[in-house]
Amino acid sequence: MGIIILVVIGLLSGFWLFRSNTIPGGRGELSARGRLSVIIPARNEAANLPHLLDSLRSQTCLPYEIIVVDDFSHDRTRAIAESYGVKVIR
(Lines give C-alpha, C1' and ligand atoms only; values in the text may rest on other atoms or scores of the structure.)
Protein backbone atom coordinates (compact mmCIF):
# COMPACT_ATOMS: atom_id res chain seq x y z
CA MET A 1 0.00 0.00 0.00
CA GLY A 2 2.84 2.37 0.82
CA ILE A 3 4.46 1.85 -2.59
CA ILE A 4 1.23 2.82 -4.35
CA ILE A 5 1.04 6.07 -2.38
CA LEU A 6 4.68 6.86 -3.25
CA VAL A 7 4.01 6.20 -6.96
CA VAL A 8 0.94 8.44 -6.94
CA ILE A 9 2.85 11.22 -5.14
CA GLY A 10 5.70 10.84 -7.64
CA LEU A 11 3.35 11.07 -10.62
CA LEU A 12 1.57 14.13 -9.25
CA SER A 13 4.90 15.79 -8.48
CA GLY A 14 6.10 15.07 -12.01
CA PHE A 15 2.99 16.59 -13.55
CA TRP A 16 3.32 19.66 -11.37
CA LEU A 17 7.06 20.15 -11.97
CA PHE A 18 7.03 19.48 -15.72
CA ARG A 19 3.78 21.17 -16.72
CA SER A 20 4.05 22.81 -20.09
CA ASN A 21 4.91 26.46 -20.39
CA THR A 22 3.84 27.75 -23.77
CA ILE A 23 4.73 30.73 -25.91
CA PRO A 24 1.74 32.98 -26.55
CA GLY A 25 -0.18 31.77 -29.60
CA GLY A 26 -1.40 35.00 -31.15
CA ARG A 27 0.73 37.16 -33.39
CA GLY A 28 -0.06 40.29 -31.40
CA GLU A 29 0.43 38.89 -27.91
CA LEU A 30 4.20 38.56 -28.11
CA SER A 31 4.73 41.96 -29.70
CA ALA A 32 2.85 43.58 -26.84
CA ARG A 33 5.22 42.08 -24.27
CA GLY A 34 8.51 41.87 -26.13
CA ARG A 35 10.33 40.86 -29.26
CA LEU A 36 11.62 37.47 -30.31
CA SER A 37 14.89 37.28 -32.25
CA VAL A 38 16.28 34.07 -33.73
CA ILE A 39 20.04 33.73 -34.22
CA ILE A 40 21.18 30.89 -36.48
CA PRO A 41 24.87 29.92 -36.55
CA ALA A 42 25.68 28.48 -39.98
CA ARG A 43 28.70 27.04 -41.73
CA ASN A 44 28.12 25.30 -45.06
CA GLU A 45 24.39 24.89 -44.38
CA ALA A 46 23.06 25.62 -47.87
CA ALA A 47 21.11 22.34 -47.91
CA ASN A 48 19.46 22.83 -44.51
CA LEU A 49 18.95 26.59 -44.31
CA PRO A 50 15.91 26.80 -46.65
CA HIS A 51 14.04 24.21 -44.56
CA LEU A 52 14.80 26.07 -41.35
CA LEU A 53 13.86 29.50 -42.70
CA ASP A 54 10.63 28.17 -44.24
CA SER A 55 9.77 26.59 -40.90
CA LEU A 56 10.39 29.85 -39.05
CA ARG A 57 8.11 31.71 -41.46
CA SER A 58 5.28 29.24 -40.86
CA GLN A 59 5.28 29.56 -37.05
CA THR A 60 2.29 31.04 -35.26
CA CYS A 61 4.61 33.33 -33.30
CA LEU A 62 6.68 35.13 -35.94
CA PRO A 63 10.12 36.33 -34.86
CA TYR A 64 10.86 40.06 -34.86
CA GLU A 65 14.15 39.38 -36.63
CA ILE A 66 16.15 36.45 -37.93
CA ILE A 67 19.93 36.71 -37.92
CA VAL A 68 22.13 34.18 -39.71
CA VAL A 69 25.76 34.17 -38.56
CA ASP A 70 27.73 32.87 -41.54
CA ASP A 71 31.01 31.36 -40.39
CA PHE A 72 32.93 31.74 -43.69
CA SER A 73 30.95 29.10 -45.55
CA HIS A 74 32.30 27.68 -48.80
CA ASP A 75 28.85 27.00 -50.24
CA ARG A 76 25.85 29.26 -50.96
CA THR A 77 24.79 29.69 -47.32
CA ARG A 78 25.12 33.48 -47.38
CA ALA A 79 23.30 33.86 -50.71
CA ILE A 80 20.44 31.64 -49.61
CA ALA A 81 20.02 33.52 -46.32
CA GLU A 82 20.03 36.87 -48.12
CA SER A 83 17.42 35.61 -50.59
CA TYR A 84 15.05 35.10 -47.63
CA GLY A 85 15.59 38.69 -46.55
CA VAL A 86 17.15 37.90 -43.20
CA LYS A 87 20.09 39.77 -41.66
CA VAL A 88 23.40 38.02 -42.41
CA ILE A 89 26.48 38.61 -40.27
CA ARG A 90 29.86 37.24 -41.25
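The values are calculated or read from the model by the stated rules, or taken from the named source; none is laboratory data. Just so it is clear, the model here is predicted, and its values are computed rather than measured. For neighbour counting, all protein chains shown are included, and Cβ atoms are generated from backbone atoms with ideal geometry for every residue, glycine included. With ligands, DNA and RNA removed, areas are computed over all heavy atoms of the protein, side chains included. Shrake-Rupley method; radii C 1.70, N 1.55, O 1.52, S 1.80 Å.
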task: May I ask for the net charge around ILE66, where only other residues with Cβ less than 15 Å from the Cβ of ILE66 are counted and Lys, Arg are +1 while Asp, Glu are -1?
output: -1
field: Residues whose placed amide H lies under 5 Å from that of VAL69, excluding near-sequence neighbours
entry: ILE40, ALA42, ILE89
query: How far apart, in nm, are two points set 7 Å out from the Cα along the Cα-to-Cβ line at LEU6 and at GLN59?
result: 4.2
query: Using only the Cα atoms, what convex hull volume per residue in Å³ does region 45-90 have?
result: 59
Which of THR60, THR77 is most accessible, then next, and so on - probe 1.4 Å: THR60, THR77
- line: Given backbone amide H placed at 1.01 Å from N, residues whose amide H is under 5 Å from that of LEU36, ignoring those fewer than 5 places away on the same chain, are TYR64, GLU65
